[in-house]
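What follows is a set of notes on a single structure, which appears directly below.
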Amino acid sequence: MHVNVADQPAFGEAIATRLAELAALSDEPGRLTRLYLGPAHRRATDLVAYWMREAGMSVRIDPLASVVGRYEARDGGGKTLLIGSHIDSVRNAGRFDGPLGVVTAIDVVKAAFKSGKRFPFAIEVIAFGDEEGVRFASTLSGSRALAGTFDEKALDELDGNTISRREALTAFGCDPRHVAAEKREPERTIGYVEVHIEQGPVLEQQGLPLGIVTAIDGVTRGIVDVEGIAGHAGTVPMAMRHDALTAAAEMVLAVEQRARAQPNLVATIGKLDVPRSAPNTIPGRVRFTLDIRSPVDAERTQAVEDIKAVIATVARRRGVLQRFTPGHQAPAAFCDERLSAQLAAAAEACGATPKRMPSGAGHDAMAFYKIIPFAMLFVRCRGGISHNPDEFASAADIDLAAHALANFLDRIAA
Ligand SMILES: [Zn+2]
C-alpha cells in the first residue's frame, strides 16, 4: 500500500526527544537507574501523566503505581484496548527498554486527539513500573493486577533496605488494598499490545526495522553443583585428579553444543562460582547457573533432559559428583494470532516487512497469557544491545513503529 508521507505526522523525532527527557530522570547521577517506586519513578510517573493529559487522556495512578491514561471511545462505551510497557529500568540502563512502548502509545493517541479522531473502543495507555524486577523478588505486579493474577503475598516482599513493597507503595501515594479492582474483564477488553525494542541482534542482522512476536519464550532455570576433590596444585598428577572446574568447563561447552543444535533454543551459564578457590589448589567445588529458553515448551523440556544427561555423563567420566537443582520455570506465552496478524498487516501497510520471531526476553505482555489476548511489535535496536547505556533505536525505526501502531488502531476500528 502506498503511504503519502506528507499526510503522516512525524512521530520519530518527537518520541526520541521525550525518551531523552525521561532518561534524565534517574536515581543515580551520571547513569540511568529508575527502580520501582523510587524517586526517579515518582518523577517519571508525573511526566508520563502530564504527557497523557496533553494527549487527551484522563489519568490515574493505580494501586500498584501503574500510570493509566484513558482515551474514551467515540460513543463513550465499547470495549477497551490496552497498550503499554514499563518505565522502570535496570541499573545503568538504556533509555529505550520500556519507555519506547509507553511514549509511542501516548504520541499515537495524541495524534488522534489532535485531529479530533475517536475510535469505537476506548484506549488505555499503561506505564507499568515493575517489569525489571530489580527491587523486589517478584515482578510484573502491575500487569498481573490487570490480568487478575497478582499475588497479595508479594506486598510483604522486602527490598535491599528491608522496606516492604506495601510500605513503598504507600509512601508512593498508592493504596495496595484496592489491587483486586484493577482486574480487567476479558469480555470488555480487546487485547493488550506492546511496542518494545528487540533487545537482540536478529532484526539488525536481517536488515529489518520491525518484528512481530510469535511467543515469549518459556524458561527453565536451575543450579548445577559439581563436587570433585580439592588437592595440591603441585603434587597431584594430572591423571589422578577429580577437578570440579575442568569438569564444569566440559559441561558448559556441552550445554552450548546442545543449545546450538536447535533453532530458537538458547541456553546460558551466566554465573559460575568456584568457592574457596586459590591459585595453588585444584578446585574441589563448582556451582553454576543454567538458563534455558525456547518458544516451544516441548523442545525446552527435552533440551533440559538432554542437558541433565550430558552433565551426568561428563561427571561420571571425570569421577566427580553433580547435582541439578531446578529453579524458576515458566511456560511459553503465545501471542494472539488475530491481533498479531493485524499488527503485521499494519506494519506492511507502512512499508515494512516485519519478521515473525520469538522473544527470548520476558515482558509485561506475558502476564496476560490465556487471560487477555496480546501482541507485540519489536523495533530493531543497534547491535542488539540492551540493559546498557549504549542501547539505541533510530528515530526512523521508531517513526515506522508509531505509524504501524496508528494503522493498527484503524484496523481494529474497522
Ligand atoms: Zn523492557
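Could you tell me whether any residue of the stretch 133-140 is out of contact with any strand residue (DSSP E or B) (no Cβ under 9 Å at 6 or more places or on another chain), farther than 22 Å from Ser26 by Cβ, without any contact (Cβ under 8 Å) to a residue 60 or more places away in the chain and part of a loop (DSSP other than H, G, I, E, B)?
Pass one, the stretch 133-140, residues out of contact with any strand residue (DSSP E or B) (no Cβ under 9 Å at 6 or more places or on another chain): 133-135, 138-139.
Checking which are farther than 22 Å from Ser26 by Cβ leaves us with 138.
Remaining after also requiring without any contact (Cβ under 8 Å) to a residue 60 or more places away in the chain: 138.
Right, trim to part of a loop (DSSP other than H, G, I, E, B) and you get 138.
Yes, there is a match, as at least one residue in the stretch 133-140 is out of contact with any strand residue (DSSP E or B) (no Cβ under 9 Å at 6 or more places or on another chain), farther than 22 Å from Ser26 by Cβ, without any contact (Cβ under 8 Å) to a residue 60 or more places away in the chain and part of a loop (DSSP other than H, G, I, E, B).
Residue-wise test of (1) part of a helix (DSSP H, G or I); (2) open to solvent by less than 50 Å² (accessible area, probe 1.4 Å); (3) of a type in the set (A, V, I, L, M, F, W, C); (4) on the phi > 0 side of the Ramachandran plot.
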site	(1), (2), (3), (4)
Val236	no, yes, yes, no
Val255	yes, yes, yes, no
Gly270	no, no, no, no
Pro275	no, no, no, no
Pro279	no, no, no, no
Asp291	no, yes, no, no
Val304	yes, yes, yes, no
Ala309	yes, no, yes, no
Arg316	yes, no, no, no
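Look at Leu290 and say whether it is closer than 30 Å to Ile398 by Cα and touching a strand residue (DSSP E or B) at 6+ places or on another chain (Cβ under 8 Å). I'd like the intermediate steps shown before the answer.
On the way: closer than 30 Å to Ile398 by Cα: no; touching a strand residue (DSSP E or B) at 6+ places or on another chain (Cβ under 8 Å): yes.
So Leu290 fails the test.
Here's a check for you: in the stretch 342-351, which residue that is crowded, with 21+ Cβ neighbours inside 10 Å and of a type in the set (A, V, I, L, M) is nearest to the ligand (Cβ to nearest atom)?
Step by step, filter the stretch 342-351, then rank; the result is Leu343.
Hey, any hits in the stretch 363-375 for a residue that's touching a helix residue (DSSP H, G or I) at 6+ places or on another chain (Cβ under 7 Å), open to solvent by 30 Å² or more (accessible area, probe 1.4 Å) and not in a strand (DSSP E or B)? Lay out the reasoning, then the answer.
Looking only at the stretch 363-375, we keep the residues that are touching a helix residue (DSSP H, G or I) at 6+ places or on another chain (Cβ under 7 Å), and these are 364, 367-368, 371-375.
Now narrow it down to the ones that are open to solvent by 30 Å² or more (accessible area, probe 1.4 Å): 371, 373.
Of the ones still in play, those that are also not in a strand (DSSP E or B) are 371, 373.
Yes, the stretch 363-375 contains at least one residue that is touching a helix residue (DSSP H, G or I) at 6+ places or on another chain (Cβ under 7 Å), open to solvent by 30 Å² or more (accessible area, probe 1.4 Å) and not in a strand (DSSP E or B).
Residues of the stretch 53-78 being closer than 19 Å to Ala406 by Cβ and touching a strand residue (DSSP E or B) at 6+ places or on another chain (Cβ under 8 Å), which ones?
Narrowing the stretch 53-78 to residues closer than 19 Å to Ala406 by Cβ: 54-57, 69-74, 78.
Matches in the stretch 53-78: Ala55, Gly56, Met57, Gly69, Arg70, Tyr71, Glu72, Ala73, Gly78.
Taking the stretch 97-132, which residues are open to solvent by 10 Å² or more (accessible area, probe 1.4 Å), within 9 Å of the ligand (Cβ to nearest atom) and not acidic (Asp, Glu)?
Once the filter is applied, which keeps residues that are open to solvent by 10 Å² or more (accessible area, probe 1.4 Å), within 9 Å of the ligand (Cβ to nearest atom) and not acidic (Asp, Glu), the stretch 97-132 yields nothing.
If the requirement is being more than 16 Å from the ligand (Cβ to nearest atom), basic (Lys, Arg) and not in a helix (DSSP H, G or I), which of these qualifies: Arg42, Arg18, Arg70? Full working, then the answer.
Working: Arg42 fails: not in a helix (DSSP H, G or I); Arg18 fails: not in a helix (DSSP H, G or I).
Result: Arg70 is the single residue among Arg42, Arg18, Arg70 that is more than 16 Å from the ligand (Cβ to nearest atom), basic (Lys, Arg) and not in a helix (DSSP H, G or I).
Which residues, taken from the stretch 45-56, are aliphatic (A, V, I, L, M) and open to solvent by less than 10 Å² (accessible area, probe 1.4 Å)? Working first, answer last.
Taking the stretch 45-56 as the starting set, the residues that turn out to be aliphatic (A, V, I, L, M) are 47-49, 52, 55.
Correct list: Val48, Ala49, Met52, Ala55.
Condition first: surrounded by fewer than 16 Cβ atoms within 10 Å (Cβ to Cβ), over 21 Å from the mean Cα position of the chain (by Cα), of a type outside the set (Gly, Ala, Ser) and assigned to a loop (DSSP other than H, G, I, E, B). Can you find one or more residues in the stretch 184-199 that meet it?
Yes, that holds for at least one residue.
In this structure, is Leu146 without any contact (Cβ under 8 Å) to a residue 24 or more places away in the chain and away from the ligand (no atom under 16 Å from the Cβ)?
So Leu146 does not fit the description; no.
Would you mention how many residues in the stretch 92-110 are acidic (Asp, Glu) and assigned to a helix (DSSP H, G or I)?
Of the stretch 92-110, the ones acidic (Asp, Glu) are 97, 107.
The next check asks that each one be assigned to a helix (DSSP H, G or I); those that pass are 107.
Number satisfying all stated conditions: 1.
Return yes or no: is Leu339 within 20 Å of the chain's Cα centre (by Cα), modelled with pLDDT of 95 or more and either farther than 30 Å from Met238 by Cβ or within 16 Å of the ligand (Cβ to nearest atom) (or both)?
Values: within 20 Å of the chain's Cα centre (by Cα): yes; modelled with pLDDT of 95 or more: yes; either farther than 30 Å from Met238 by Cβ or within 16 Å of the ligand (Cβ to nearest atom) (or both): yes.
When the stated conditions are applied, Leu339 passes them.
The values are calculated or read from the model by the stated rules, or taken from the named source; none is laboratory data. This structure is a prediction, so every number in the text was calculated from the model and none was measured. Every residue, glycine as well, gets a Cβ built from its backbone with ideal geometry; the counts of neighbours run over all protein chains shown. Please note that ligands, DNA and RNA were not included when accessible areas were found on the heavy atoms of the full protein model with its side chains. Shrake-Rupley method; radii C 1.70, N 1.55, O 1.52, S 1.80 Å.
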